[in-house]
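A quick write-up on the structure given underneath.
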Amino acid sequence: MMSIKSRILLASAASLLTLSACNADESAKTATPATKVTTAATVNGTAISKNRVDLLVKQRAGMGQPDNAETRKAIIDQLAMQLLVSQEALKKGLDKSPEVIDQMDLTKQSILANAFVQDYIKNNPVSDDMLKAEYDKIKAQMTGSEYKARHILVEKEADAKDIIAKLKKDIKAFEKLAKEKSKDPGSKAQGGDLGWFDVRSMVPEFGEAVAKLAKGEFTKEPVKSQFGYHVIMLEDSRPMQPPPFDQVKPGLSQQVQQQNLKKLVDDMKAKAKIEITEAPAAVPAPAAAPAK
């Protein structure tokens, strides 16, 4: 079973440069007489607002970039170059190109959709009752046992059989043999220790072999998988235990938030009138290479 954390669905972020606000002229048109737009720079007389710089600084701060003079200067330089080149594009009339118009419309659509998502998340916080209900639901689904085992992975079946023969004489040699012989870099140094796991998270052959073992037993025949040949020893088993609520609460909050958002969007889609007027064309299969 997937862990609670691995089930979290994260919403994608929009591109930094496509999150620029409307241009300075448009801002001035919509501003009230009492509104004062602070200018960070001008390019051929066209202003770059400080608000736009602040927006990108905030975006980059979320990615770990510090808010300092160097960062702000780099952003202003970037916006100035972008504005300069866009001015040249306007002179050439590229804003009237159907392809450019479509691209601008798509960018605007993406920004508005992202704004809707952020507004929904802000105004619809997840309550503790909702989180506990989801936690209880996941706990109810966590049935069965989890296992603690060690294994030794080798490339050849003969090597695995040789290890089994040695273990039949001295099972206490398992850790030493794992450190010497195992090809699994993740558990070799720990004497083959895999910790606690759900067999369903393992390759089928491995999981089936573990589930058949009694505590303290090891496999008497090599277990073949896509990785090679395994010799497995079961150390313990126990009923599956969910992680503590407080440990998974932050990730669970994001998961529930995304579930609620998906339900909202699905309801919107169900009520909308969506008509596909042109079915997507199938991609033709590549032609077979001529026989030699």
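The values are calculated or read from the model by the stated rules, or taken from the named source; none is laboratory data. Being a predicted model, the structure only gives us computed values, none of them experimental. Note that each Cβ is placed from the backbone with ideal geometry, even for glycine, and that neighbours are counted across all protein chains shown.
Condition first: in contact with a helix residue (DSSP H, G or I) (Cβ under 9 Å, 6 or more places away or on another chain) and among the β-branched types (Val, Ile, Thr). Now tell me which residues in region 139-157 satisfy that.
Those that are in contact with a helix residue (DSSP H, G or I) (Cβ under 9 Å, 6 or more places away or on another chain) and among the β-branched types (Val, Ile, Thr): Ile152, Val154.
Identify all residues within region 89-114 that are in contact with a helix residue (DSSP H, G or I) (Cβ under 6 Å, 6 or more places away or on another chain) and touching a residue at least 12 places away in the same chain (Cβ under 8 Å); write none if there are none.
Result: Thr107, single match.
Looking at (1) closer than 29 Å to Lys169 by Cβ; (2) at pLDDT below 95, can you tell me which one Asn260 breaks?
(1)
All but one of (1) in contact (Cβ under 8 Å) with a residue 60 or more places away in the chain; (2) in contact with a strand residue (DSSP E or B) (Cβ under 7 Å, 6 or more places away or on another chain) hold for Val117; which doesn't?
(2)
With region 5-99 as the region, which helices (runs of 4 or more DSSP H) entirely inside it contain at least 1 residues that are modelled with pLDDT of 95 or more and touching a His at 6+ places or on another chain (Cβ under 7 Å)?
Counting at least 1 such residues, we get no helices (runs of 4 or more DSSP H) at all.
Test each condition in (1) surrounded by fewer than 11 Cβ atoms within 10 Å (Cβ to Cβ); (2) modelled with pLDDT under 95 for Asp105 and report the one that comes out false.
For Asp105, the exception is condition (2).
Check Ser145, Ser182, Ser187 and return the single one that is among the hydroxyl-bearing types (Ser, Thr, Tyr) and farther than 30 Å from Asp246 by Cβ.
Ser182
Taking region 120-135 on its own, how many of its residues are in contact (Cβ under 8 Å) with a residue 60 or more places away in the chain and over 30 Å from Gln241 (Cα atoms)?
Count: 3.
Which pairs do you get when a residue that is in contact (Cβ under 8 Å) with a residue 60 or more places away in the chain and under 20 Å from Ala160 (Cβ atoms), found in region 189-217, comes within reach of a residue that is surrounded by fewer than 16 Cβ atoms within 10 Å (Cβ to Cβ) and among the acidic types (Asp, Glu), reach meaning Cβ atoms under 9 angstrom, with the pair 6+ apart or on two chains?
Once the first residue is in contact (Cβ under 8 Å) with a residue 60 or more places away in the chain and under 20 Å from Ala160 (Cβ atoms) and sits in region 189-217, no partner that is surrounded by fewer than 16 Cβ atoms within 10 Å (Cβ to Cβ) and among the acidic types (Asp, Glu) comes close enough.
Is it the case that Lys132 is modelled with pLDDT under 95, surrounded by 13 or more Cβ atoms within 10 Å (Cβ to Cβ) and closer than 18 Å to Trp196 by Cα?
The answer is no for Lys132.
Residues in region 149-158: is at least one free of Cβ contacts under 8 Å to residues at least 40 places away in the same chain and over 27 Å from Lys249 (Cβ atoms)? Walk me through it before giving the result.
At the first step, the residues of region 149-158 found to be free of Cβ contacts under 8 Å to residues at least 40 places away in the same chain are 158.
From what's left, over 27 Å from Lys249 (Cβ atoms): 158.
Taking every residue of region 149-158 in turn, at least one turns out to be free of Cβ contacts under 8 Å to residues at least 40 places away in the same chain and over 27 Å from Lys249 (Cβ atoms).
So how many residues does region 181-198 have that are surrounded by 15 or more Cβ atoms within 10 Å (Cβ to Cβ) and not charged (D, E, K, R)?
Of the residues in region 181-198, 7 are surrounded by 15 or more Cβ atoms within 10 Å (Cβ to Cβ) and not charged (D, E, K, R).
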